[in-house]
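Just so you know, all these numbers are worked out from the coordinates, no wet-lab data involved. As the structure is a computational prediction, the values presented were derived from the model and not from experiment. Here Cβ is always computed from backbone atoms with ideal geometry, including for glycine, and neighbour counts include all displayed protein chains.
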Amino acid sequence: MKNRELARELRKIADIMEIRKVRWKPEAYRAAARRIENTDTDIEKLYKKSGKKGLRKLPSIGKRLAEHLAEYLGTGKVRKWEKLRKRVPEELTELMKIGGLGPSKIRELSAELDIRDAGDLREAAEHGKLRELEGFGKKTEANILRSLRRYGKGRERMLIKEAWETAHEIIARLEENAGVEKIAYAGSLRRMKETVGDIDILAVTTHPSKILDAFTGMKDVSDVLLRGETRSTVILRGSVQTDLRIVGADSYGSAMLYFTGSRDHNIRLRKIAMEKDLKLSEYGLFEGSSDKRIAGREEADVYQKLGLAWIPP
């Protein structure tokens, strides 16, 4: 389902339009993004079934926008949008995420101080150059420096909203590939931490090569760090590291537990297992020194065998 992906693209283009001083269209694009994101209708299936006419039946989607959406769904990009992107560097639109900066201020920073990214902005603020511009001042400069520090931490660890949206987009794409039996995210995202360092996804499939090829071949991938037989690691645009691991159906529950739990949680569970003459790993829960697996298919079963109620992540 490409609804979230399309909504994200529409918001990016709206930001670029605002920086370019395009009137009216940015809000129309954001309204369309909200509609597409919140509808239960799979926009890709709708287009395949009913074409542009089907897209136009959605609220906030006019004739021209329906043509752009159809082009995106058909080719993965829109020529007009690509031209807009070339006029405004992606790093410049990233500044919209920094508190205290809107399109008009970003335009002025770019025109007056040749600021192109967060690094340029930080350097200018630290040298007191922002306060010299009309409408900024010392207080605004100090606020921007504080926002830059928060932004830097956010880049090191994503905010949960961004990580959640990214993970769901990836899972939706991979589910389109035949053979995916189970797929879900794990790690600190599944524990619902406020910030997430990277994204971990586990999958059960009868065609590992196919899903790994689909994963490493996603258009948002800027670098492939690892391409193995059961695991791949990629860097997405925006420096988001994402791991995809293929696990066996009999190990899915124990793998989810292992890759979701914090280090301390996992250590404590392994100690409890040892006290019961059991071995716990991402592959399952095993009896003593034997290879007999007594739990692993479902996460709750592992906890039960350890004498515990299932602990929500």
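The figures follow:
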{"quantity": "Convex hull per residue volume in Å³, alpha carbons only, for region 55-209", "calculated": "177"}
{"quantity": "Straight-distance crosslink candidates among lysines, where the alpha carbon sits under 19 Å from K53 and sequence neighbours closer than 8 are dropped", "calculated": "K2, K45, K63"}
{"quantity": "Surface/4 of the Cα convex hull for region 28-111, nm²", "calculated": "6.6"}
{"quantity": "Cβ-based net charge around F259, under 10 Å, with every Lys or Arg adding one and every Asp or Glu removing one", "calculated": "-1"}
{"quantity": "Virtual paramagnetic centre 7 Å along Cα→Cβ of K45, amide N under 14 Å, in region 1-23", "calculated": "1-3"}
{"quantity": "Cross-link partners of K83 among lysines (Cα-Cα below 17 Å; sequence separation of 8 or more within a chain)", "calculated": "K12, K21, K25"}
{"quantity": "Relative pair counts by distance (%), Cα atoms of region 197-258, 10 Å bins", "calculated": "23, 52, 23, 2"}
{"quantity": "Crossing angle, helix 3-19 versus the chain [Cα axis fit, 0-90 degrees, rounded to tens]", "calculated": "30"}
{"quantity": "Dimensionless Rg/Rh of the chain - Kirkwood Rh, Rg from C-alpha atoms", "calculated": "1.05"}
{"quantity": "Cβ-based charge dipole, the chain, positive-most Cα from A167, T260, T242", "calculated": "A167"}
{"quantity": "Isotropic mean projected area of the C-alpha convex hull, region 106-197 (nm²)", "calculated": "8.0"}
{"quantity": "Cα-Cα over 22 Å, subset of K80/K210; K97/K139; K139/K161", "calculated": "K80/K210; K139/K161"}
{"quantity": "Globularity index of region 1-146, i.e. its alpha-carbon radius of gyration over 2.2 N^0.38 Å", "calculated": "1.24"}
{"quantity": "Reachable lysines from K279, criterion Cα separation under 30 angstrom, eight or more residues apart if same chain", "calculated": "K182, K193, K271, K292, K305"}
